[in-house]
1. Please tell me if SER179 is over 17 Å from VAL144 (Cα atoms) and either out of contact with any Gly (no Cβ under 6 Å at 6 or more places or on another chain) or assigned to a helix (DSSP H, G or I) (or both).
2. Collect the residues in the stretch 257-271 that are modelled with pLDDT under 95 and exposed (fewer than 14 other Cβ atoms within 10 Å of the Cβ), keeping them in residue-number order.
3. Which one of LEU138, LEU148 is within 34 Å of the chain's Cα centre (by Cα), assigned to a helix (DSSP H, G or I) and of a type in the set (A, V, I, L, M)?
4. In this structure, does ASN254 turn out to be surrounded by 17 or more Cβ atoms within 10 Å (Cβ to Cβ), in contact (Cβ under 8 Å) with a residue 12 or more places away in the chain and not acidic (Asp, Glu)?
5. Counting just the residues of the stretch 214-251 that are acidic (Asp, Glu), surrounded by 14 or more Cβ atoms within 10 Å (Cβ to Cβ) and part of a loop (DSSP other than H, G, I, E, B), which one comes out nearest to the chain's Cα centre (by Cα)?
6. Would you confirm, using the coordinates I've provided, whether GLY170 is of a type outside the set (Ser, Thr, Tyr), in a loop (DSSP other than H, G, I, E, B) and either surrounded by fewer than 16 Cβ atoms within 10 Å (Cβ to Cβ) or on the phi > 0 side of the Ramachandran plot (or both)?
Amino acid sequence: MGKFCGKCGTPLDNKGKCPKCDAVKTTSKAPLDPKTYKIIVTCLWSFLSVLIVTAIIICLVVFWPKSSGKSSDKKTTESVSDSTDTADENTGNADTVDDEDDPDLSTNYEVPDFDAETYFNDNTTLHSVIDVQNAPDLLTESDVYDFLYSRGFSDISVICEYDINGNYIGEQEVSSYSSDVHPMYQCLYAADNGDWQILVVNDSIFAVPMFYNYSDESEASVILSETDTITSFDRATNKFYINVPTDSDLRIINVAKITAELLNGLTVEGIAGL
């Protein structure tokens, strides 16, 4: 008696298999609908975008600081180089200047530190050269206060910038009780008609009328001196240079004594007439 399929009741073939239940299904998978396909593609693009952005961030983190640091170091080096080539602007101090430009004695009496004596010989009438270490009349901090007070300069703040060896120590206010010695001192004096810069270089005093030198009346900058010379200090050689600059650079006005009373009485017109 023939055998039948226990599921559907169909007679089994000679191999004992049901032609319906055991038949191999060859139907193909149904294609994805457009909406499902769009979702899959969108997800793939999003995943790839995240990978790309992540890779860019990693590159920036790893490489950018190194290149940026090199650029910053280069700029810093250039800035330091530029600043070391800039001449010291302190009036009365003969300091480093650009080789290609002549120093302007009308504002600061600076000299090239490579050969100060040659500069003064070529550009001024050089009277004498004094080594700071051998100068016999250098004033202490206490001395310079007494020196200025005796001339009526009160309510002033005196500063120094160099030690006895010519080393730059920065702007430091001097003490009326100190015995420390410096090659030069300076202070600002507010007179009745304008500001003056008072310089004490070695044992000599000079007065620069700032309000006049920057006025329209000034054809050439002037400096008041108790002699017909000025004293310039060069920190590179640590020497004083007693000299007379040309009138086109700086005009020396010789006065008997530089006092607060004298400066208070001088106007722009009065200085021009001296």
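The values are calculated or read from the model by the stated rules, or taken from the named source; none is laboratory data. Not measured: the values here are computed from a predicted model. With ideal geometry, Cβ positions are generated from the backbone for all residues, glycine too; neighbour counts draw on all protein chains shown.
1. On the way: over 17 Å from VAL144 (Cα atoms): no; either out of contact with any Gly (no Cβ under 6 Å at 6 or more places or on another chain) or assigned to a helix (DSSP H, G or I) (or both): yes.
Spelling it out, it is not the case that SER179 is over 17 Å from VAL144 (Cα atoms) and either out of contact with any Gly (no Cβ under 6 Å at 6 or more places or on another chain) or assigned to a helix (DSSP H, G or I) (or both).
2. Answer for the stretch 257-271, where residues must be modelled with pLDDT under 95 and exposed (fewer than 14 other Cβ atoms within 10 Å of the Cβ): GLU269, GLY270.
3. Details: LEU138 fails: assigned to a helix (DSSP H, G or I).
It is LEU148.
4. Working: surrounded by 17 or more Cβ atoms within 10 Å (Cβ to Cβ): no; in contact (Cβ under 8 Å) with a residue 12 or more places away in the chain: yes; not acidic (Asp, Glu): yes.
For ASN254, the condition - surrounded by 17 or more Cβ atoms within 10 Å (Cβ to Cβ), in contact (Cβ under 8 Å) with a residue 12 or more places away in the chain and not acidic (Asp, Glu) - is not met.
5. Kept after step one, since they are acidic (Asp, Glu), are these residues of the stretch 214-251: 216-217, 219, 226, 228, 234, 247, 249.
Next, from what is left, pick out any that are surrounded by 14 or more Cβ atoms within 10 Å (Cβ to Cβ): 226, 234, 249.
Filter once more, so that each one left must be part of a loop (DSSP other than H, G, I, E, B): 226, 249.
Values: GLU226: 37, ASP249: 28 Å.
If we take residues in the stretch 214-251 being acidic (Asp, Glu), surrounded by 14 or more Cβ atoms within 10 Å (Cβ to Cβ) and part of a loop (DSSP other than H, G, I, E, B), then ASP249 is nearest to the chain's Cα centre (by Cα).
6. Details: of a type outside the set (Ser, Thr, Tyr): yes; in a loop (DSSP other than H, G, I, E, B): no; either surrounded by fewer than 16 Cβ atoms within 10 Å (Cβ to Cβ) or on the phi > 0 side of the Ramachandran plot (or both): yes.
Against the criterion (of a type outside the set (Ser, Thr, Tyr), in a loop (DSSP other than H, G, I, E, B) and either surrounded by fewer than 16 Cβ atoms within 10 Å (Cβ to Cβ) or on the phi > 0 side of the Ramachandran plot (or both)), GLY170 does not qualify.
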